[in-house]
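The values are calculated or read from the model by the stated rules, or taken from the named source; none is laboratory data. Small disclaimer: the values here were computed from a predicted structure and weren't measured. Heads up, the Cβs are rebuilt from the backbone with ideal geometry, glycines too, and the neighbour counts pull from every protein chain shown.
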Amino acid sequence: MNIVYFIPHLREASGINRVLNIKANYLADVLKYKVTIITYRQYDSIIFFPFNKNVKLVHFDLDDPTFRVKSLPFIEKRRQIKKFMSNYKNLVEHYLLENKTDICISLFLGAEYKFLHEIKDKSKKILEFHMNFDNSPFKLLNKTFRLSNFRSIIQINQLRNKLEKYDQFVVLTDGDAQNWKKYFSKVIVIANPLTIKQDHPAPLLSNKKAIAVRRLEKEKGFDYLIDAWKTVNKQHPDWLLNIYGEGSLENNLSTQIKHSNLENCIYIKKAVSNIAEKYLESSVFILSSRNEGFGLVLMEAIALGIPSVSFNCKFGPEELINDGDNGLLVEAGNVEALAAKIITIIENENLRKIISRSAALSTQKYNVSKIMEKWNLLFKSLAN
């Protein structure tokens, strides 16, 4: 069976790129699918998570005007975007018509989701959402009608009608699926697979280090974490917090750290490919996101037995953590409560060990083979 994934590029250490890497390699090497990944903004950049040789990569390297047209006059903006969309659609259509494909999957990150369902190449089309409903454009459908958002709601409804033509929608959590099902049919849940091997030694849990791993963007809530660490630092000045990630808020967060006089205990570090080693060097993992599509890094930390403290944000943490058993949940956005739970786990090494033992066992259902069997069954059901 021939599978084609679409994603803008593969150059970031993002959770989505990591998940795609795991899935594509498994489909190609274990299930013997023919897997192709099509990008249009890779250019000459390094692929952060290398793919196995059996995965075919196709880079269109188009001139995408999306990020430069914001300041242009409306007509010129429309002209450039229309030209780009036409070029991209023509390339995708030509590829699919020339290369027999059974399943196409858009990750809803690139522009192809707007036209992929229109291409008559006989392949089945899947939309795979890695964002939760409340963080998607469709959240407008849940809002009270106002004249000020009338035009946006019309546009979103038009987009919804187009997307209904896809053969399947895949979302990551049961909780989030309830929102999607209000407005879309053909919605199923397939969680992300574990992206980290569990064959590492057990964590020591004695290092006075905490870790957070995410893109440095607003929705990941690192401003909350830095505020919480001010309280932690007052009681435990010998503990360090390492933040691994890159993003548009790096300078802002560095400034916040400086103004909070935390430069000697909070360190922002570049994303690394050997993140498992960094988890295992730490005694606490913290997730302070405003919202999540799933919470991949939380699952990784739990799988490695790292005691985790997480905001109970939508969606993911509640499905991964049984509060007090394999981790600790905190009311979303409550900085004081977050600091208190971090301090609790810092001050109780025995609690860290108990949580660690439960955590490592709690992620078995996300084993790669189990998750990929769900994808295998879906592909076969659509192809038949």
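In this structure, does K124 turn out to be among the charged types (D, E, K, R), touching a residue at least 40 places away in the same chain (Cβ under 8 Å) and not assigned by TED's automatic domain parsing to the domain that holds E219? Answer is yes for this residue. When each of I75, I47, I81, I16 is tested for being β-branched (V, I, T), surrounded by fewer than 14 Cβ atoms within 10 Å (Cβ to Cβ) and either over 19 Å from F379 (Cβ atoms) or touching a Cys at 6+ places or on another chain (Cβ under 8 Å) (or both), the lone residue that passes is I75. The set of residues in the stretch 24-42 that are part of a loop (DSSP other than H, G, I, E, B) and either at pLDDT below 95 or closer than 21 Å to S123 by Cα (or both) comprises L31, K32, Y33, Y40.
Given the condition in a helix (DSSP H, G or I), aliphatic (A, V, I, L, M) and loosely packed, with under 14 Cβ neighbours inside 10 Å, answer yes or no: does some residue in the stretch 116-127 qualify? Among the residues of the stretch 116-127, not one is in a helix (DSSP H, G or I), aliphatic (A, V, I, L, M) and loosely packed, with under 14 Cβ neighbours inside 10 Å, which makes the answer no. Residue count for the stretch 300-340, restricted to those that are among the charged types (D, E, K, R), free of Cβ contacts under 8 Å to residues at least 40 places away in the same chain and in contact with a strand residue (DSSP E or B) (Cβ under 8 Å, 6 or more places away or on another chain): 2. In the set (1) more than 19 Å from G221 (Cα to Cα); (2) part of a loop (DSSP other than H, G, I, E, B); (3) small (G, A, S), the condition left unmet by S358 is number (2). Return the residue satisfying two criteria in turn: it lies in the stretch 1-45 and is under 20 Å from the mean Cα position of the chain (by Cα) and of a type in the set (D, E, K, R), and of such residues it is farthest from A191 (Cα to Cα). Filtering the stretch 1-45 for residues that are under 20 Å from the mean Cα position of the chain (by Cα) and of a type in the set (D, E, K, R), the one farthest from A191 (Cα to Cα) comes out as R41.
Checked against (1) under 20 Å from the mean Cα position of the chain (by Cα); (2) farther than 24 Å from L20 by Cα; (3) of a type in the set (K, R), R215 passes all but condition (2). The selection criterion, being outside the structural domain of L320 (by TED's automatic domain parsing) and over 25 Å from S381 (Cα atoms), holds for N132. For the stretch 339-351, the set of residues classified as among the charged types (D, E, K, R) and more than 27 Å from the chain's Cα centre (by Cα) consists of E347, E349, listed by residue number. Under the condition of being surrounded by 14 or more Cβ atoms within 10 Å (Cβ to Cβ) and free of Cβ contacts under 8 Å to residues at least 24 places away in the same chain, the residues counted in the stretch 341-372 number 1.
Annotation note: of S123, S71, S136, S152, the sole residue that is more than 26 Å from N384 (Cα to Cα), among the small types (G, A, S) and touching a Leu at 6+ places or on another chain (Cβ under 7 Å) is S152.
From the list F67, F108, F48, the lone residue that is part of a loop (DSSP other than H, G, I, E, B), within 22 Å of the chain's Cα centre (by Cα), on the phi > 0 side of the Ramachandran plot and aromatic (F, W, Y) is F108. Per the conditions (1) within 19 Å of V170 (Cα to Cα); (2) touching a helix residue (DSSP H, G or I) at 6+ places or on another chain (Cβ under 6 Å); (3) assigned to a helix (DSSP H, G or I), the sole criterion not satisfied by K365 is (2). Filter the stretch 96-110 down to the residues that are in contact (Cβ under 8 Å) with a residue 60 or more places away in the chain and not β-branched (V, I, T) and list them by number. Across the stretch 96-110, the qualifying residues are L96, N99, K100, D102, C104, S106, L107, L109, G110.
Residue under question is N322, and the condition is that it be surrounded by fewer than 20 Cβ atoms within 10 Å (Cβ to Cβ), under 28 Å from I22 (Cα atoms), of a type in the set (S, T, N, Q) and over 16 Å from the mean Cα position of the chain (by Cα); does it hold? When the stated conditions are applied, N322 passes them. In the stretch 249-295, the residue that is nearest to L351 (Cα to Cα) out of those that are touching a residue at least 24 places away in the same chain (Cβ under 8 Å) and of a type in the set (V, I, T) is V284.
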